[in-house]
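Since every read-out is calculated from the coordinates, none of them should be taken as a lab result. Remember, predicted model here, so these are calculated numbers, not experimental data. Ideal geometry is used to build each Cβ from the backbone, glycine not excepted, and the neighbour counts take in all protein chains shown.
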2 protein chains.
Amino acid sequence: MIETQKALAFVRNSLQEAEQYQHACHVLNYDLETICPPKGMEEQGEVNAFLSNQAFKIVKSSRFIKEEEYLYEHRNELEPLDQLMAQALHRDYLRSKNITPAFNKKISLIFNKSFVDWVNAKQASDYSLFAPSLKKVRDVDLKIISLRDQKYALPYDALVDEYERGMTCADLDKFFNACKETLIPLLKKITASDKKIRTDFLSRKVPLERQKAFSDYLLKLIGFDFTRGAITTTEHPFTDGLGRNDARVTTHYYENNFISNLFTVIHEGGHALFEQNQPGEDYDHFIHDNISYGMHESISRFYENRLARSRSFISFLYPKIQEFFGDIFADVSEEEMYEGINAVEPSLIRTEADELTYTFHIIIRYEMEKLIINEKAPINKLPKLWNQKYEEYLGIKPKTAKEGILQDVHWSSGFGYFTTYAIGNAYNAMYLNKMKEELDVEKLLSIGNFAPIDSWMKEHVFATANRLPPKEWIKGITGREFTPDDFLTYLVDKYSALYNLK
Amino acid sequence: MIETQKALAFVRNSLQEAEQYQHACHVLNYDLETICPPKGMEEQGEVNAFLSNQAFKIVKSSRFIKEEEYLYEHRNELEPLDQLMAQALHRDYLRSKNITPAFNKKISLIFNKSFVDWVNAKQASDYSLFAPSLKKVRDVDLKIISLRDQKYALPYDALVDEYERGMTCADLDKFFNACKETLIPLLKKITASDKKIRTDFLSRKVPLERQKAFSDYLLKLIGFDFTRGAITTTEHPFTDGLGRNDARVTTHYYENNFISNLFTVIHEGGHALFEQNQPGEDYDHFIHDNISYGMHESISRFYENRLARSRSFISFLYPKIQEFFGDIFADVSEEEMYEGINAVEPSLIRTEADELTYTFHIIIRYEMEKLIINEKAPINKLPKLWNQKYEEYLGIKPKTAKEGILQDVHWSSGFGYFTTYAIGNAYNAMYLNKMKEELDVEKLLSIGNFAPIDSWMKEHVFATANRLPPKEWIKGITGREFTPDDFLTYLVDKYSALYNLK
């Protein structure tokens, strides 16, 4: 017992120190992405790498590993949250124990080069400029998989486990097959329907200053705490929890696309609500980053899609839109606003997709990644495969690599991430149904009252997010096993109504 | 020789590492002052203190001190810039040799807490919320003074030496007495004059977006390099060089006070021009922060006051103002614009003061600081003293602490800084006269051509700023000893003309 307490004290002190470095890294990275001038980036990147390495040295020291492994072995002597901390540290240790510093450095260099190559390739819309790096990234991922002690049925399972622990290709195949079974016929019906949806007003010019004021209004409305967070702009929006009382939301204003910012702010605001409302004890026990990517994404997409794109919420928001932008949208009715925001239109760019076709973009990436990792598909064949899949699922074909295989940055640093976007949608449809058993969600949305929803999320969704693996977490909230059914029923109901389908 | 080179290598490596921590501290501090939410400040302050202490530990290690002292003793074996580095390190060593890491950390924590308290106190306009912290800051300063080996005639001399090395209360008393002798009668004549200056247009509403566009224009005009710097907003504008290629300017937009931003941007832009144009070798030899505060302030005030408030520059700027804000100032003539911008009016807020009454604000702070440090005046008596001095020198009295003793942030991190603002005005009046011997400054300003002025500044003012102590530096530029005469003559000439005084 005394030995365990000593190890605990050592581990906690070490993590405390590592966290100070990591906090600084978050601030530096946030600065880099939001305001750092171009010629200042290199030096700032070097400082970030230096501090990151200081943190790394703390948790990779042989003393630290010895103590955290001791804690793990004696975890039943610990209080529950320290047990979770010990498990998370042990998992991190196993994940990287066979990765030598030399190989680790090689990985960094390959990913850095790959990112630069991707930027250049996308700019030139020339896949051949990215292919050699992409092959190296794939080989690095395969090497990382082979270095794992843990055995997986399929190589890709190891990558899925990295982002959504406990999930496998078997789970995902079942999930995405169900999606295809329902969504392919649904999309066919929609494209065949003669419903006309007005979208002309979506590209009207809206002054940035007024969009900014609207962003602040939206964040306040959904419950974002401005004393513990801030919003600013960046190229590719993200949210980062810099500290326990500091959640940073970023957005990107487009003069001719005001709904882009509207839903970006609510999406990123959703991430931030989790950062601001997760249990303080999770910070005290260093497990505040223990949530999976799919779980985090479920929350942002819950606020963005399940809530903010709903008929009830638009009925609340419509008069506000008229208040902020009345001179611009005076001729647009509430119904037209709702329909325009939710119009389904197969398109090439994932980040611009509507709620329904979005899942196809993820299915395509999932199938591509399985081919790349499990089947070692030839790298030079990938653009052709990509284009075939877009034609198959969405009936459209990219004309350029820029709007096709080169559109996303993710592959420049490995595979396995994309699926979390789709899984998140399924989680939140499940907990939305559970929430509806206890709250009149539609009523609350129609009067713009988020407080009871936020409280419910805090109590049911956020409270256990860092403490349970995804499958146990969603079962804990809903009493049911993970299933795509709620998500698919939601889509069928919503779009059947919108497009007058039988 | 070999030992010296070994010591040099060790010192340089250590400084390189310390600089990475310091870079991070600058970014954290910049973030804290520009966007960090109120409740995130405490944690960010702690991280800042932690990193600052890591840097401090490097330069306070016994090995480092041994090596840098060795270098100092053998400095004649070093090349000139390394000699300067060795001298600066030796000076730092002497200044802090009796300050333990524990005490240093305590200082950081007190200053951070004091800053937060000042923010809250100013917001509530309640001095009592700041007084306990202010007392701690004063006691820290007294403790720091008592820990110095060097003996000073007065305790406050130690603080002056910190910001403006080589200067003393004796110098400053002489300087400010000369100022009072000239400026008190000048101000009396002005307030008694029957000259009517139109100022109604100064408080017209100017949309923030257009002020922002104007700021970018102004920074570009004076030569600011946007690939190596950025501008954003803050409560109390400042400039910080985060790295060799990264100078950050901040400003504050007031809808009803457009000239506030105009001159803030040019003032802060002046600081940034120094950051962007100091010799690269000064970075290589770790002496890039060796400039005194008064010297730095002389540059910002040179651009803001000597240049941008001049008749010649306003004749260039007037059509630009009409271009940016024509609908707002169409009825204002060029002469009215010049006069309005330069109108003299005793006021309570230092940062809003005109060029003439500004010096009185500094005299008041100088006299207050001498009372606080040399006389240990009771902290609870300070607001009363403050108000009395405003009445004595400017004939007006603050009604609230917010527009009185709480207006400035500076005292939350110690005393001795304010005087550098006034000294800077005297330096730049001296080098303006020198510049005028070589350049047709009025002509250049009247056509908005800053390039030759910037080049002259780079060659004469910036080149030696890190390399010489203030008194030698100004003598090197002008060939004359430091004197308030140029500054006072400048003010008398300018305001006698403006107010038709005999």
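Points to keep in mind about this one:
- Listed peptides B:181-191, A:137-147 by packing density, highest first (mean Cβ within 10 Å): A:137-147, B:181-191
- Cα centroid separation - the stretch A:11-80 against the stretch A:173-244, whole Å: 32
- The Kirkwood hydrodynamic radius of the protein assembly as shown, based on inverse pair distances between different Cα atoms, is 32.0 Å.
- Stokes-Einstein translational diffusion, the stretch B:343-496 - Kirkwood Rh over all Cα pairs, 1.002 mPa s, 20 °C, in µm²/s: 121
- Per residue of peptide B:24-36, the mean number of Cβ atoms on other chains within 10 Å of the residue Cβ is 5.
- Under-22-angstrom lysine pairs by C-alpha in the stretch A:421-502, whenever the two are 8 or more apart or on separate chains: 14
- Whole-percent P(r), the stretch B:2-141, all Cα pairs, 10 Å bins from 0: 11, 32, 29, 18, 8, 2, 0.
- Straight-line cross-link reach from A:Lys66 at under 13 Å between alpha-carbon atoms covers these aspartates and glutamates, not counting any fewer than eight positions away in the same chain: A:Glu3.
- Using only alpha carbons, the stretch A:117-204 has a radius of gyration to Kirkwood radius ratio (Rg to Rh) of 1.17.
- Unsatisfied cross-links (Cα-Cα over 18 Å) in the set B:Lys180/B:Lys389; A:Lys106/A:Lys136; A:Lys39/A:Lys105; A:Lys97/A:Lys143: A:Lys39/A:Lys105
- Radius ratio Rg over Rh of the stretch B:163-252, counting only Cα atoms, Kirkwood formula for Rh: 1.13
- For chain A, the convex hull drawn through the C-alpha positions has a volume of 152 cubic angstrom per residue.
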